[in-house]
Amino acid sequence: MRVVLATGNVGKQRELAALLAPQGYELRLQKDLGVAAVEETGETFEANALLKARHAARLTGLPALADDSGLEVDALGGRPGVRSARYAGENASDADNVALLLRELVGVPDADRGARFRCVIAFVRDAADPDPVVAHGVWEGHIGHAPKGSGGFGYDPVFLPQGPWQGRSVAALSDPEKNGVSHRALALAQLMAQLLAPPPGSGR
Ligand code: IMP
């Protein structure tokens, strides 16, 4: 099925395409179809994911998939949250955002550096779809004291996930390692389960 993917983020494009191709979804990137990004005015990840999916579907006539994601840091009351991409300013780079985060956490001990990546993925069959499919994923971890690793994007160099990785940041994981457990992978698995579930009452 051809689906337009409403994101301009190259890192996310790569991850989602790798996860969806085996399921038979042919992803077309919205920018390749002449669709400019819509302003993310929602106050929640879900509102922004739906806003982006409906916008892409409206302008292309294709079913659309969008994700919205970000980092929530306990010691900052859940910030940067929906503002993760623009934490250090509208045109902030990943390095600017990471530097600001580390500055805000100076003096915060390890025990209080808990954080999570959160992702919401929305799928709409068309722009006015009254019953969109919405799925959530969370990846728990904590924020390190300095950037580590050279892969990934965004806050990957300072996010140390829970699990078997012994203090490695996400930027030090391979793509398959990250794609097996990330917030985006979990949300996508949940989305696929919902899309592939038999309709209620079908007897399947
Ligand atoms: P979005 O494009 O509005 O979903 O913004 C997501 C922002 O959250 C990104 O620009 C990153 O700063 C951050 N983010 C989301 N997922 C990840 C991830 O897997 N690794 C690192 N940063 C992430």
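Shape class of the range 1-76 from the Cα gyration tensor (axes a ≥ b ≥ c, square roots of the eigenvalues): oblate, since a/c reaches 1.5 or more and a/b does not exceed b/c. Once the Cα atoms of helix 10-20 and of the chain are each reduced to a long axis, what angle between those two axes, in degrees from 0 to 90 to the nearest 10, is obtained? Rounded to the nearest ten degrees, it is 50. Put in line by how crowded their Cβ is, counting other Cβ atoms within 10 Å and starting with the fewest, 168, 14 read 14, 168. In terms of surrounding Cβ atoms within a 10 Å radius of their Cβ, 31, 52, 178 rank from fewest to most as 31, 178, 52.
Put simply, the amide H of residue 79, placed in the peptide plane, has neighbours under 5 Å in 73, leaving out anything fewer than 5 places away on its chain.
Available extension along the chain between residue 79 and residue 29 is 15.1 nm, counting 0.36 nm per residue and deducting the alpha carbon span.
Distance between the 7 Å Cα→Cβ label points at residue 39 and residue 92: 1.9 nm. Between the helical axis of 45-60 and the longest alpha-carbon principal axis of the chain there is an angle of about 40 degrees.
Classify the chain as rounded, prolate or oblate from the Cα gyration tensor: take a ≥ b ≥ c as the square roots of its eigenvalues, call it rounded if a/c is under 1.5, otherwise prolate when a/b beats b/c and oblate if not. It comes out prolate by the Cα gyration axes. Amide hydrogen proximity for residue 70: with H placed 1.01 Å from N in the peptide plane, the residues at 5 or more positions away or on another chain lying under 5 Å are 118.
Bear in mind these aren't lab numbers, they're just calculated from the coordinates by the rules spelled out. From a predicted model like this one, the values you see are computed outputs, not experimental measurements. FYI the Cβ positions are ideal-geometry reconstructions off the backbone, even for glycines, and counts take in every protein chain you see.
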